[in-house]
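The values are calculated or read from the model by the stated rules, or taken from the named source; none is laboratory data. Computed from a prediction, not measured in an experiment: that's the story for all the values here. No Cβ is skipped: glycine too gets one built from the backbone with ideal geometry, and neighbour counts run over all protein chains shown.
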């Protein structure tokens, strides 16, 4: 998992982690309090980058790679926890299938190598599920109560969505055990609330912001259809990962129904877990679908991956002959996805391929901050990452007509003689602001196109299938304009 941790470029959310982790503890707490994240992961990241260079002389000074190392450590700990807490007493066939699907999960590989809290969320969720189950078996035990409450509080301090979803699922699981002693369940919840009291007002403000935020409609023109797209994309990501070569697309389509059948077979044999797991998944999906676009959902729901893979493994165990063939095919599909990932191509979320570090290097090598303006497609590109790599340069993100008008006024300044313009070939700004701005620049300035990342055959096939028009064959390119003499 540690091979080439610098494979993918840094993206927006990772930049937030890099900046927050390097602040003082007080400043970092204020930063994350003003964002949508609890503090536990960032506290661990803060101390990790201070210990890591002195203890492991591998990538001293590269904060991004150091933080990706931390995510890998959490993923490895989650693997150990999954085996020792969930599978220790499982039948050998079930244990083997679950660990194989987990270890070679292309989805897990993608998100456990990012400088984000995703793998820590998985670790926390695995521990919470185990703790809730053990408490339900020994409900009179105060030790089990305290372990469950402490793990829930830790998960809530890691991220809101898995924390709230797991809290609801754990309470549903424990209701049967609490019939004779409901005060124990109330006590457990009270301890969680008391432990979370310092962050409770921040959680309330986040919930208020979530309710006020409109749904993101990027693919469909209807909320229900958009949620359907999100659900389909997120299930696909869990099953196969997000690095799929074009020839694998029909294979994944053929495997979808058999794998869903395995999932169904596995859930049938876990009746006591079924409703709590469904409630947890429903709350998680609703919380994420109402906040992010389809492309960023699988990362935020990664905590559900152990449940999904365990259910598939149980399905393979329940039907040894046919189930084994289907599970093996699913495993092979993930191995193909892993190979494609390490080639850094065919990633469905093209935002993870944005080479802002390379673009910034080219801009800095051929331009001067004194006479250069950098314009960036705000909705589609990591403008803040480019700005991070270009200290001293004037970088403007274009979202609206007002942003474009401001840029045009700056372009009229005689001191500006050099312009770099980066945009996605699909203009999603209102009134196609970016296309009109680019057209104006190409008419009055001398331009040269610098291509960086082409669309892969898989991207082209999917765009044709979804009837998504684009203006070029380049996923990432930059126009370099110079003022005509």
Completion exercise
Out of (1) in contact (Cβ under 8 Å) with a residue 60 or more places away in the chain; (2) closer than 30 Å to residue 45 by Cβ, the one residue 191 does not meet is (1)
Problem - Evaluation of residue 37 against (1) more than 19 Å from the chain's Cα centre (by Cα); (2) surrounded by 14 or more Cβ atoms within 10 Å (Cβ to Cβ) (one fails), failing number - result: (1)
Handout entry: Residues of the stretch 60-95 satisfying the condition of being within 16 Å of residue 316 (Cα to Cα) and either buried (at least 16 other Cβ atoms within 10 Å of the Cβ) or in contact with a helix residue (DSSP H, G or I) (Cβ under 6 Å, 6 or more places away or on another chain) (or both)
Key = 87, 90, 93, 94, 95
Practice task
Provide a single number: the residues in the stretch 385-396 that are surrounded by 19 or more Cβ atoms within 10 Å (Cβ to Cβ) and in contact with a helix residue (DSSP H, G or I) (Cβ under 8 Å, 6 or more places away or on another chain).
Solution key: 6
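From 178, 150, grab the single residue that is part of a loop (DSSP other than H, G, I, E, B), out of contact with any strand residue (DSSP E or B) (no Cβ under 8 Å at 6 or more places or on another chain) and surrounded by fewer than 22 Cβ atoms within 10 Å (Cβ to Cβ).
Working: 150 fails: part of a loop (DSSP other than H, G, I, E, B).
That would be 178, the only listed residue that is part of a loop (DSSP other than H, G, I, E, B), out of contact with any strand residue (DSSP E or B) (no Cβ under 8 Å at 6 or more places or on another chain) and surrounded by fewer than 22 Cβ atoms within 10 Å (Cβ to Cβ).
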Completion exercise
All-but-one check, residue 423 against (1) touching a strand residue (DSSP E or B) at 6+ places or on another chain (Cβ under 9 Å); (2) surrounded by fewer than 17 Cβ atoms within 10 Å (Cβ to Cβ), failing number (2)
Practice task
Among the candidates 123, 101, single out the residue that is under 19 Å from the mean Cα position of the chain (by Cα) and at pLDDT 95 or above.
Solution key: 123
Practice task
Using the structure shown, decide if residue 308 is over 20 Å from residue 124 (Cα atoms) and surrounded by 18 or more Cβ atoms within 10 Å (Cβ to Cβ).
Solution key: no
Completion exercise
Checked the stretch 382-405 for anything closer than 17 Å to residue 349 by Cα and free of Cβ contacts under 8 Å to residues at least 60 places away in the same chain; matches are 383
Handout entry: In the stretch 426-456, residue surrounded by the fewest Cβ atoms within 10 Å (Cβ to Cβ) [restricted to those that are at pLDDT below 90 and touching a helix residue (DSSP H, G or I) at 6+ places or on another chain (Cβ under 6 Å)]
Key = 453
Fill in the blank from the handout: The condition of being out of contact with any strand residue (DSSP E or B) (no Cβ under 8 Å at 6 or more places or on another chain) and surrounded by fewer than 18 Cβ atoms within 10 Å (Cβ to Cβ) holds, among 289, 260, 277, only for 260
Problem - Condition check for residue 334: under 29 Å from residue 245 (Cβ atoms), at pLDDT below 90 and crowded, with 16+ Cβ neighbours inside 10 Å - result: no
Practice task
Tell me, yes or no, whether the stretch 118-127 has at least one residue that is in contact with a helix residue (DSSP H, G or I) (Cβ under 8 Å, 6 or more places away or on another chain), assigned by TED's automatic domain parsing to the domain that holds residue 335 and outside any helix (DSSP H, G or I).
Solution key: no
Practice task
Answer yes if at least one residue in the stretch 332-339 is assigned to a loop (DSSP other than H, G, I, E, B) and touching a strand residue (DSSP E or B) at 6+ places or on another chain (Cβ under 8 Å), and no otherwise.
Solution key: no
Practice task
State the number of residues belonging to the stretch 344-370 that are touching a strand residue (DSSP E or B) at 6+ places or on another chain (Cβ under 8 Å), part of a loop (DSSP other than H, G, I, E, B) and surrounded by fewer than 16 Cβ atoms within 10 Å (Cβ to Cβ).
Solution key: 2
